[in-house]
Amino acid sequence: MRQWLILTDWCHRVDRYKEGNGMLTISLRFVNRTKSPLDLRGYQFNVQGGVGNGCAVQHTLLPDEPFAVDFGTLVSSEQVNHRDTNGLILYLAGDISFIDVLNSLQRQRFMGLLRCMKGGRTEFTPEGSAIGMPSQKT
């Protein structure tokens, strides 16, 4: 039996510093859409190939149960301004580790484009998806 997680409910906020740059914090939820529980063990995100943000966890994720995740990355004043006008597009890669129903360690990798727009609206388009196709957003 194959298990996987859906990444959903993407949003973000920018905390600006006096210098004009800021911290971009991305929030999302992992959801187990399979019929069996899985044991979440950790996750990691890399924005634009920069320093990874990750966390080791031990959490049993029941079917349809959301697991909230936040991670951050520094953004320049130019990037903050671009987000406020046209939307900021960043490359995002990551992976999620979990123990499946067969007690086997699995890694679910993902990569794609993250679009952050003024007001917190956020869209993730997985790599290989056509531009303009529905993304993983709600």
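Coordinate-derived values only; no laboratory data. As the structure is a prediction and not an experimental result, all values here were calculated from the model. As a convention, Cβ positions derive from the backbone with ideal geometry for all residues, glycine included, and neighbour counts pool all protein chains shown.
Computed from the C-beta positions of Thr85 and Phe110, the FRET efficiency with R₀ = 22 Å rounds to 0.20. Panel values: segment 41-92, Kirkwood radius from alpha carbon pairs, Stokes-Einstein at 25 °C and 0.890 mPa s, translational diffusion coefficient 184 µm²/s.
For segment 1-71, the Cβ-based charge dipole about the Cα centre amounts to some 120 debye (Lys, Arg positive; Asp, Glu negative; other atoms uncharged).
Taking the charge dipole of the chain about its Cα centre, with +1 at Lys and Arg Cβ atoms and -1 at Asp and Glu Cβ atoms, the residue from Thr8, Leu61, Val47 reaching farthest to the positive side is Thr8. Viscosity 1.306 mPa s, temperature 10 °C: give me the Stokes-Einstein translational D for the chain in µm²/s, with Rh taken as the Kirkwood radius over C-alpha pairs. Using the Kirkwood radius from Cα pairs, D works out to 101 µm²/s.
Rg of the Cα atoms in segment 1-78, relative to 2.2 N^0.38 Å, amounts to 1.32.
Taking 0.36 nm per residue of separation and subtracting the Cα-Cα distance, full extension of the segment from Glu78 to Met23 would add 18.5 nm. GNM on the chain, alpha-carbon springs under 10 angstrom: the most fluctuating residue among Lys18, Lys118, Lys35 is Lys18. Per-residue ellipticity at 222 nm from helix content only, as computed over the chain with -39500 (n - 2.57) for each DSSP H run of at least four residues, stands at -2000 deg cm²/dmol. Dipole orientation for the chain: of the candidates Ser77, Tyr91, Thr122, Thr122 has the Cα lying most toward the positive pole (charges on Cβ; Lys, Arg +1; Asp, Glu -1).
For the chain, the Cβ-based charge dipole about the Cα centre amounts to some 160 debye (Lys, Arg positive; Asp, Glu negative; other atoms uncharged). Note on Asp39/Asp15: beta-carbon distance plugged into 1/(1 + (r/R0)^6) with R0 of 35 Å gives a FRET efficiency of 0.60. Residues considered: Gly94, Gly120, Gly128. Largest GNM mean-square fluctuation over the chain, using C-alpha springs under 10 Å, is found at Gly128. Sorted fewest first by neighbouring Cβ atoms within 10 angstrom, Val101, Val31, Val75 come out as Val101, Val31, Val75. In this rough spin-label picture, where each label sits 7 Å from Cα along the Cβ direction, the Asn103-Thr8 distance is 3.1 nm. When each of Tyr17, Tyr43, Tyr91 is scored by the number of other beta-carbon atoms lying within 10 Å, the sequence from fewest to most is Tyr17, Tyr91, Tyr43. A Gaussian network model of the chain, with springs between Cα atoms under 10 Å, assigns the largest mean-square fluctuation among Leu105, Leu24, Leu113 to Leu105.
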